[in-house]
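In what follows, a single structure is set out as structure tokens and then discussed.
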Amino acid sequence: AGAEAYFVFLGFLAFYFVVGTYWPVSPWIGALYAVASLITFLVYARDKAAARAGRWRIQESTLHLLAVIGGWPGAILAQRLLHHKNRKTSFQSVFWATVAVNSTAFLLLSASATGLLSGLVGSLAAR
């Protein structure tokens, strides 16, 4: 995918703000995505430079780990701007699975955190 990947990125931003209207999302979550994305972009850039120079490469599992913990927006940007890891089908299959896992976890954790908070507030108010 080319430009479609940017739409996924923008779609997640919209998803993030919609979820935030229904459940309180900590600003730390947004900061985590921003920092993880920056680190992921830099790691992709380092790997691209190593590939060009014939040096030791970063393991794909490390790139996928960075994506699943929230760095996938930075990975999308790196894949498109640096033209790195965007053609290898096996890598892309796992990468898009990490995007789905992270997005689902974001939704479930946001919803359950709100449920825990409302349950706690409700039980305190009942006392």
**Study point:** Unmet criterion (only one of (1) at pLDDT 95 or above; (2) outside any helix (DSSP H, G or I)) for G71
**Key:** (2)
Point to revise | Residue list for region 1-10, restricted to those being assigned to a helix (DSSP H, G or I) and open to solvent by 40 Å² or more (accessible area, probe 1.4 Å) | key: A3, E4, Y6, F7, V8, F9, L10
Review point. Residues in region 79-100 that are in a helix (DSSP H, G or I), modelled with pLDDT under 95, surrounded by 15 or more Cβ atoms within 10 Å (Cβ to Cβ) and among the aliphatic types (A, V, I, L, M): how many?
Key: 1
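For (1) in a helix (DSSP H, G or I); (2) under 18 Å from F91 (Cα atoms); (3) open to solvent by 70 Å² or more (accessible area, probe 1.4 Å), each residue gets a yes or a no:
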site: A14; (1), (2), (3): yes, no, no
site: P24; (1), (2), (3): no, no, yes
site: W28; (1), (2), (3): yes, no, yes
site: L38; (1), (2), (3): yes, no, yes
site: D47; (1), (2), (3): yes, yes, no
site: R52; (1), (2), (3): yes, no, yes
site: R57; (1), (2), (3): no, yes, yes
site: L63; (1), (2), (3): yes, yes, no
Check your understanding: Only one of (1) in contact with a helix residue (DSSP H, G or I) (Cβ under 8 Å, 6 or more places away or on another chain); (2) without any contact (Cβ under 8 Å) to a residue 60 or more places away in the chain fails for A50. Which number is that?
Key -> (1)
Point to revise | Failed criterion for H83 (all others in (1) free of Cβ contacts under 8 Å to residues at least 40 places away in the same chain; (2) within 17 Å of the chain's Cα centre (by Cα) hold) | key: (2)
Check your understanding: Which pairs have Cβ atoms under 8 Å, sit 6 or more apart or on different chains, and link a residue in region 1-22 that is hydroxyl-bearing (S, T, Y) and at pLDDT 80 or above to one that is open to solvent by less than 60 Å² (accessible area, probe 1.4 Å) and not in a helix (DSSP H, G or I)?
Key -> Y16/V25
Exercise for review: Could you tell me whether any residue of region 66-77 is within 20 Å of A3 (Cα to Cα), hydrophobic (A, V, I, L, M, F, W, C) and surrounded by fewer than 21 Cβ atoms within 10 Å (Cβ to Cβ)?
Suggested key: yes
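The values are calculated or read from the model by the stated rules, or taken from the named source; none is laboratory data. Remember, it's a predicted structure, so these values are computed and weren't measured experimentally. We place every Cβ from the backbone using ideal geometry, glycine too, and count neighbours over all the protein chains shown. Surface accessibility is based on the protein's heavy atoms, side chains included, excluding ligands, DNA and RNA. Shrake-Rupley method; radii C 1.70, N 1.55, O 1.52, S 1.80 Å.
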